Amino acid sequence: MNQQRHLRGALVAACLGVAMIGATAAIAAEDVTDEAVEEGLSEADEAAAAAIVEARANISVTNAWTRATPGNATNAAVYLRIGNIGAEPEKLIGARAEMSERVMIHSGGGQMAAVESLDIPGEDAVLFAPNGNHIMLTDLRSPLLEGDSFLVQLEFEKGGSQTVSVQVLAANAVGPASAGAASAADTTSGATE
């Protein structure tokens, strides 16, 4: 009975996106699949759990930030960097935030148009920056104040969801001061879902 609870907990944690990177993810995926075999879960369930753990381990989200909103502004853009260390491409397919009525993925390229998804190539990164790709928050429930932070949940096609902490910078900010130090600015640390 305890082993079943442990296995269920491990599978739920994997599916909810426990953040793991590199070899740690491979070991965790092996542990989940070894336990699944011992408990008699189907190979399909075992493979699905391992695939989610592996896909999540390949994605990192860093340097998530936005600007403080002036006056009665009801919209804001979130900027960040999504890295994919895996060989397989990934897709950002959605985003949510409690403090905004609507959250959309906007593609850069001068048109600032909402898109259904955004490709994250394998062994590459995609930068979300002013005048380019961004996460658009509309109908804000309250102003964004410099120094505050809030959570945004990003949904990936293969890797499930990752919750990131977004720092609110000054209204005229051009980016976080630590943008060059990706590991120091990892916004997924301790904020997974």
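Structure values in brief
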item: Residues whose placed amide H lies under 5 Å from that of residue 171, excluding near-sequence neighbours; result: 68
item: Stretchable slack from residue 112 to residue 47, in nm (0.36 nm times residue separation minus alpha-carbon distance); result: 19.6 nm
item: For the range 37-86 and the range 91-144, distance of Cα centres in Å; result: 13
item: Amide proton proximity set for residue 102, modelled H, under 5 Å, gap of 5+; result: 138
item: Linear extension gain, residue 142 paired with residue 123, 0.36 nm per residue minus alpha-carbon span; result: 3.1 nm
item: From phi via Karplus (6.51, -1.76, 1.60), per-residue ³J(HN,Hα) for the range 130-141 in Hz, x at Gly/Pro; result: x, 6, x, 4, 6, 9, 9, 9, 10, 6, 4, 7
item: Contact order normalised by residue count of the range 63-110, Cα under 8 Å, 6+ apart, percent; result: 24
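All of the numbers you see were taken from the coordinates with simple rules; none came from a lab. Just so you know, these numbers come straight off a predicted model, no measurement behind them.
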